[in-house]
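Here the structure comes first, spelled out in structure tokens, and everything after it is commentary.
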Amino acid sequence: MFTYKIDDEISLKLVDRNDAKEIFQLTDKSRDYLKEWLPWPTYIREVSDTKKFIENSMQNYVDNKSLVTAIIFKGKVAGIASFNSFDWSSRIGQIGYFLGEEFQGHGIMTKVVRALMDIGFKEFRLNKIEIRAATENVKSRKIPERLGFTEEGTLRQVQWLYDHFVDHVVYGMLKDEWVDLN
């Protein structure tokens, strides 16, 4: 099973069925907060929905299509960070993430994304890592900006969010641009 220790308080672990209840509770507690920028919280109504997500994530890991990890902060699931997809022919990975509202403001996500970059460039031998965020989602956009990603452009009306379309900014980091801070 995949695990990755970031520091004494933060680690990543491949999601598994045993995480379903805790991930569901985190989602449920942060539902209104998450729905501001993500469409999926509406579809996660009970623990069984989270179990289906985890089973799908585990199969995609086996099939080398994605890597979905639980962010563990001080022994609790604080969020999810993942390579949502891989384009192996072009060696590109796309990172996605969310953090429960109560875990905001501790610098967790910057450390987590830096760790995913380390994994992506060193272990998976990716050439490029992308992050996409809604143009108005300032908190999410600060992560790639803080880590030195290049803003590559805007995808117009790329996501339907309940009653309107949102644009996404695409950020990219090439392997030869990445500075290993570990």
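Only residues that are outside any loop (DSSP other than H, G, I, E, B) and among the small types (Gly, Ala, Ser): list them for region 5-41, please. It would help to see each step written out before you state the result.
Quick first cut of region 5-41, residues outside any loop (DSSP other than H, G, I, E, B) only: 5, 10-14, 17-29, 31-35, 40-41.
Hits for region 5-41 are Ser11, Ala20.
Pick from Ile72, Ile80, Ile119: which is out of contact with any strand residue (DSSP E or B) (no Cβ under 6 Å at 6 or more places or on another chain), β-branched (Val, Ile, Thr), under 20 Å from Val15 (Cβ atoms) and at pLDDT 95 or above?
Working: Ile72 fails: out of contact with any strand residue (DSSP E or B) (no Cβ under 6 Å at 6 or more places or on another chain); Ile80 fails: out of contact with any strand residue (DSSP E or B) (no Cβ under 6 Å at 6 or more places or on another chain).
One residue alone meets the criteria, Ile119.
Got a number for residues in region 5-52 being in contact (Cβ under 8 Å) with a residue 24 or more places away in the chain, among the aromatic types (Phe, Trp, Tyr) and closer than 17 Å to Gly96 by Cβ?
Residues in region 5-52 being in contact (Cβ under 8 Å) with a residue 24 or more places away in the chain, among the aromatic types (Phe, Trp, Tyr) and closer than 17 Å to Gly96 by Cβ: 2 in total.
Identify the residue in region 134-165 that is assigned to a strand (DSSP E or B) and either among the hydroxyl-bearing types (Ser, Thr, Tyr) or modelled with pLDDT under 95 (or both) and, among all such residues, is surrounded by the fewest Cβ atoms within 10 Å (Cβ to Cβ). Reasoning before the result, please.
Of region 134-165, the ones assigned to a strand (DSSP E or B) are 134, 150-161, 164-165.
This time we only want the ones that are either among the hydroxyl-bearing types (Ser, Thr, Tyr) or modelled with pLDDT under 95 (or both), so: 150, 154, 158-161, 164.
On the way: Thr150: 13, Thr154: 12, Val158: 13, Gln159: 15, Trp160: 10, Leu161: 13, His164: 8.
By that ranking, first place goes to His164.
Keeping to region 111-127, report how many residues are surrounded by fewer than 19 Cβ atoms within 10 Å (Cβ to Cβ) and touching a Gly at 6+ places or on another chain (Cβ under 6 Å).
Matching residues across region 111-127 total 0.
Condition first: under 16 Å from Glu102 (Cα atoms) and either among the β-branched types (Val, Ile, Thr) or in contact (Cβ under 8 Å) with a residue 12 or more places away in the chain (or both). Now tell me which residues in region 53-80 satisfy that.
Going through region 53-80, the residues under 16 Å from Glu102 (Cα atoms) turn out to be 70-80.
Within region 53-80, Ala70, Ile71, Ile72, Phe73, Lys74, Lys76, Val77, Ala78, Gly79, Ile80 qualify.
The values are calculated or read from the model by the stated rules, or taken from the named source; none is laboratory data. Being a predicted model, the structure only gives us computed values, none of them experimental. Cβ coordinates were reconstructed from backbone atoms using ideal geometry, including for glycine residues, and neighbour counts include every protein chain displayed.
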